[in-house]
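Participant: My questions will all concern the structure given below.
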Amino acid sequence: MVEQDTVRLLRECDAGVAMGVSSIEDVLPHVQDAELKKRLKNCQDDHEELKNKLCTLLDAYHDAGKNPNPMAKSMSWVKTTTKLMLEDSDATVADLMTDGCNMGVKSLSRYLNQYKAADEKSKNITKELIGLEEQLAIDLRQYL
């Protein structure tokens, strides 16, 4: 049970990291403020660093990880594109990213509770990812 929950939790984190990186890539071309762009790029780098940790852990379990749900990714892209067409501003970017962070925190917290038997390493990496998402949402408040 421990191994099964561990792999499942790591897969969800893998999908979450990929979704976060993709979302940042979608909005970066629309960012005007240099500090906001820097914060988003730093967060993207942090996500990439976590991705490397996840890949190492998943490799140890001979698992390839998980891609984000294609429907969720498509819906996110449509929402981002539509909102930015209506108002291409840093406030819109901050709003979109805050929504994404909040959804990520909610999902990851649910998985952390669902896969209680997961090992401490996978729980800690999940908490680290949750922390990144929470911090980005806080950092973006000044742009809303």
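Participant: Restricting to the range 132-141, and then to whatever is of a type outside the set (A, V, I, L, M, F, W, C) and under 14 Å from N42 (Cβ atoms), can you tell me which residue is most open to solvent (accessible area, probe 1.4 Å)?
Facilitator: Taking the range 132-141 as the starting set, the residues that turn out to be of a type outside the set (A, V, I, L, M, F, W, C) are 133-135, 139, 141.
Imposing the further condition that a residue be under 14 Å from N42 (Cβ atoms) reduces the set to 133, 135, 139.
Working: E133: 18, Q135: 91, D139: 43 Å².
Ranking the qualifying residues of the range 132-141, first place goes to Q135.
Participant: Those residues that are within 12 Å of E12 (Cα to Cα) and open to solvent by 80 Å² or more (accessible area, probe 1.4 Å), I need them from the range 107-128; list them, please.
Facilitator: Scanning the range 107-128 gives R110, Q114.
Participant: Here's a follow-up. G65 passes all but one of (1) at pLDDT below 95; (2) of a type outside the set (A, V, I, L, M); (3) under 23 Å from R141 (Cβ atoms); which number fails?
Facilitator: Condition (3) is where G65 drops out.
Participant: Would you be able to tell me the number of residues in the range 69-79 that are open to solvent by less than 70 Å² (accessible area, probe 1.4 Å) and touching a Ser or Thr at 6+ places or on another chain (Cβ under 7 Å)?
Facilitator: Here is the first cut: in the range 69-79, the residues open to solvent by less than 70 Å² (accessible area, probe 1.4 Å) are 72, 74, 76.
Right, trim to touching a Ser or Thr at 6+ places or on another chain (Cβ under 7 Å) and you get 76.
Residues flagged as open to solvent by less than 70 Å² (accessible area, probe 1.4 Å) and touching a Ser or Thr at 6+ places or on another chain (Cβ under 7 Å) within the range 69-79 amount to 1.
Participant: In the range 5-58, what count of residues is obtained for those that are out of contact with any helix residue (DSSP H, G or I) (no Cβ under 7 Å at 6 or more places or on another chain) and either open to solvent by less than 30 Å² (accessible area, probe 1.4 Å) or farther than 13 Å from K123 by Cα (or both)?
Facilitator: Residues that pass the stated criteria total 16.
Participant: Right, something else. From G100, G104, grab the single residue that is assigned to a helix (DSSP H, G or I) and under 22 Å from V7 (Cβ atoms).
Facilitator: On the way: G100 fails: under 22 Å from V7 (Cβ atoms).
Criteria check complete, one pass: G104.
Participant: Go through the residues of the range 56-68 one by one and say whether even a single one is farther than 21 Å from D5 by Cβ and in a helix (DSSP H, G or I). Explain how you work it out, then say what you get.
Facilitator: As a first pass, look at the range 56-68 and keep what is farther than 21 Å from D5 by Cβ: none.
No, the range 56-68 contains no residue that is farther than 21 Å from D5 by Cβ and in a helix (DSSP H, G or I).
The values are calculated or read from the model by the stated rules, or taken from the named source; none is laboratory data. It should be emphasised that the depicted structure is a prediction, and the values quoted were computed from it without experimental measurement. Every residue, glycine among them, receives a Cβ derived from its backbone with ideal geometry; neighbour counts consider all protein chains shown. For the accessible areas, the whole protein counts, side chains as well, though only heavy atoms, and no ligand, DNA or RNA atoms are used. Shrake-Rupley method; radii C 1.70, N 1.55, O 1.52, S 1.80 Å.
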